[in-house]
Amino acid sequence: RFPILLVAIFAATIATRPAGASPIDPLPSGAPDETIATFSCVGFDPETGDLGVIVQSKFFCVGSVVPWAKAGVGAVATQAAGNTSYGPRGLDLLASGLTPEQAVASLTGADTVRERRQLGIVDATGRSPRILAAVSPRDSF
């Protein structure tokens, strides 16, 4: 028996950023179009209440920027043209009482390149949006 319920899974290919580009700014025009496969999962165990995030990337040390989790609050993963502020802001939104759907809407609402980002989110009760931040067909596989 496998007790972990994975509630959000996503995969995409991404275009890399040029050296020195900010992780939260829109991709600059003329950015290289090197294809890279990534995936992340956020999960919740209904038996124990444990939360977790797994991540795969060709980049080293993504564990310091992709996964975010807080006991009793939830878990967030942001990747691809990731916005590293999504993690701590997403946890703050969940802690303030927003649902995962509301947190996703708040995080992505004013983001001009949200369709290029991956975002997975689950709260401490196992709720997760059915539709996450969009990833354009060009970036999906």
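The values are calculated or read from the model by the stated rules, or taken from the named source; none is laboratory data. All of these numbers come straight from a predicted model, not from anything done at the bench. Note that we place each Cβ from the backbone using ideal geometry, even for glycine, and neighbour counts take in every protein chain shown. These accessible areas exclude ligands, DNA and RNA; they are computed on the full protein's heavy atoms, side chains included. Shrake-Rupley method; radii C 1.70, N 1.55, O 1.52, S 1.80 Å.
Just need a number here: residues in segment 51-98 that are of a type outside the set (A, V, I, L, M), surrounded by 21 or more Cβ atoms within 10 Å (Cβ to Cβ) and in a loop (DSSP other than H, G, I, E, B).
So the answer is 2.
Out of 127, 138, report the one residue that is modelled with pLDDT of 90 or more and surrounded by fewer than 17 Cβ atoms within 10 Å (Cβ to Cβ).
Only one candidate passes the filter, namely 127.
Report, by residue number, each residue of segment 38-97 that is aliphatic (A, V, I, L, M) and in contact with a helix residue (DSSP H, G or I) (Cβ under 7 Å, 6 or more places away or on another chain).
Result: 55, 73, 76, 80, 93, 94.
Which ones in segment 99-109 are more than 26 Å from residue 45 (Cα to Cα) and either surrounded by 15 or more Cβ atoms within 10 Å (Cβ to Cβ) or touching a helix residue (DSSP H, G or I) at 6+ places or on another chain (Cβ under 6 Å) (or both)?
Matches in segment 99-109: 108 only.
Being more than 15 Å from the chain's Cα centre (by Cα) and β-branched (Val, Ile, Thr) narrows it down to one of 84, 99, so name that one.
Of the residues listed, the single one that is more than 15 Å from the chain's Cα centre (by Cα) and β-branched (Val, Ile, Thr) is 99.
Only one of 48, 112 is surrounded by fewer than 15 Cβ atoms within 10 Å (Cβ to Cβ), modelled with pLDDT under 90 and more than 12 Å from the chain's Cα centre (by Cα). Can you tell me which?
112
Quick check: anything in segment 24-38 under 22 Å from residue 115 (Cα atoms), at pLDDT 95 or above and open to solvent by less than 30 Å² (accessible area, probe 1.4 Å)?
No - not one qualifying residue is present in segment 24-38.
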